[in-house]
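Below: one structure, written as structure tokens.
The values are calculated or read from the model by the stated rules, or taken from the named source; none is laboratory data. Please read all numbers here as calculations on a predicted model, not as lab measurements. Glycine gets a Cβ as well: all are built from the backbone with ideal geometry, and neighbour counts include every protein chain shown. The accessibility values were calculated without ligands, DNA or RNA, using every heavy atom of the protein model including side chains. Shrake-Rupley method; radii C 1.70, N 1.55, O 1.52, S 1.80 Å.
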Amino acid sequence: MPTDDIGKKIQLLNIPSTVKLVAVSKTKPLEMIEEAYQYGQRIFGENYMQDAVPKIQNASHLPDIQWHFIGHLQSNKAQLAAQYFNMVQSVDSMKLAQKLNTAAGKFQKTMSVLIEINIGEEPQKHGISYRSVQKLMDFIINCPHLKLLGFMCIPPYGEEPQPYFQKMQSLFLKYKDTYHLTELSMGMSSDFQEAIQFGATMVRVGTKIFGKRNN
């Protein structure tokens with residue numbers, strides 16, 4: 001039975017109106033998404049294609065809902081991403097960009113994308129080096145079915161995030177005007193307030209809205 005818990009949690013985040021809240025709903029049931037929607041939440045972030053697609057298919061009664069893919073996207077899942085998602089925040093290679101462009105063309109749509117930056121240059125993490133980002137940007141802006149809106153990052157776990165947010169802010173400002181960038185997605189449940197201080201236009205919050213992950 002619905003409660004107002006999720007609505008209260010969203011309200012307590014106190015996200016500025018200039019910042020988009022991406023409610024990270026991975027592993028959570030559609031009922032919790034419906035409850036957040038009831039309290040005005042419209043953008044939801046998913047990491048796992050096999051978990052997300054059934055939820056999206058069953059959410060057709062929520063007409064203005066938006067779905068962002070925020071996890072690592074394998075290129076062989078590009079068609080599903082183009083079919084079901086409004087945005088992919090984790091583009092990190094020309095190969096994936098090309099696959100998304102082709103898939104979006106099949107669905108006669110323009111796919112909004114962000115480039116995932118491996119801002120901590122961690123070998124175990126996905127994302128492109130900030131030193132190599134311009135080449136990927138140039139590739140994406142020449143893909144007719146992709147619209148590059150900006151960058152996404154996840155700072156190294158356990159480290160102070162501010163230096164990484166500051167570096168991302170500098171990168172964003174460096175390319176903002178030339179490439180007409182509008183979105184900087186950074187900050188999660190533990191550090192979204194700091195991310196906002198460094199210019200985040202999107203924050204990805206899951207635990208503080210829906211509770212701990214199921215896996």
- Note on the structure: Here, the chain modelled as identical Cα point scatterers in vacuum has Debye log10 I(q)/I(0) at q = 0.09, 0.10, 0.17 Å⁻¹ of -0.33, -0.41, -1.23
- Message: Can you classify region 109-215 as rounded, prolate or oblate using the Cα gyration tensor, where a ≥ b ≥ c are the square roots of its eigenvalues, rounded means a/c under 1.5, and otherwise it's prolate if a/b beats b/c and oblate if not?
- Response: prolate
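Return the carbon/sulfur percentage of the accessible area of the chain, one whole number, probe 1.4 Å, all protein chains in place.
Summing carbon and sulfur atoms, their accessible area is 49 percent of the total for the chain.
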- Note on the structure: Taking only Cα atoms of region 51-99, the Rg to Rh ratio with Kirkwood Rh works out at 0.99
- Item | Filtered GluC sites (Glu not before Pro), region 129-215: DSSP coil and at most 13 other beta carbons within 10 Å | Glu159
- Protein chains only, probe 1.4 Å: how do Phe139, Phe172 rank by accessible area, largest first? Phe139, Phe172
- Query: Ordering Met32, Met188 from largest to smallest accessible area (1.4 angstrom probe), what's the sequence?
  - Reply: Met188, Met32
- Restricting attention to region 17-64, which chymotrypsin sites (Phe, Trp or Tyr not before Pro) occupy a DSSP loop and are surrounded by at most 16 other Cβ atoms within 10 Å? Tyr39, Tyr48
- Task: Rank Gln162, Phe192, Tyr130 by how far each Cα sits towards the positive end of the charge dipole of the chain (+1 on Lys, Arg Cβ; -1 on Asp, Glu Cβ) and give me just the farthest.
- Result: Tyr130
- Query: So for the pair Ile15, His180, with labels modelled 7 Å out along Cα→Cβ, what separation do we get in nm?
  - Reply: 2.5 nm
- Query: Once amide H atoms are built 1.01 Å from N in the peptide plane, which residues 5 or more positions from Val91, or in another chain, come under 5 Å H to H?
  - Reply: Leu114, Glu116
- For Ser93, what accessible area in Å² do you get when you roll a 1.4 Å probe over the heavy atoms of the protein chains, rounding to the nearest 10? 40 Å²
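Using the structure shown, list the pairs from Lys20/Lys212; Lys28/Lys135; Lys55/Lys95 with a Cα-Cα distance above 29 Å, or answer none.
Result: Lys28/Lys135 exceed 29 Å.
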- Per residue, accessible area of the chain with a 1.4 Å probe, heavy atoms of protein chains only, in Å², comes to 50 Å²
- For region 65-147, what class follows from the C-alpha gyration tensor (a ≥ b ≥ c being the square roots of its eigenvalues): rounded when a/c is under 1.5, otherwise prolate if a/b is larger than b/c, else oblate? prolate
- ³J(HN,Hα) across region 109-119 via Karplus (A = 6.51, B = -1.76, C = 1.60, θ = phi - 60°), whole Hz, x for Gly/Pro? 9, 10, 8, 6, 9, 10, 8, 7, 9, 7, 5
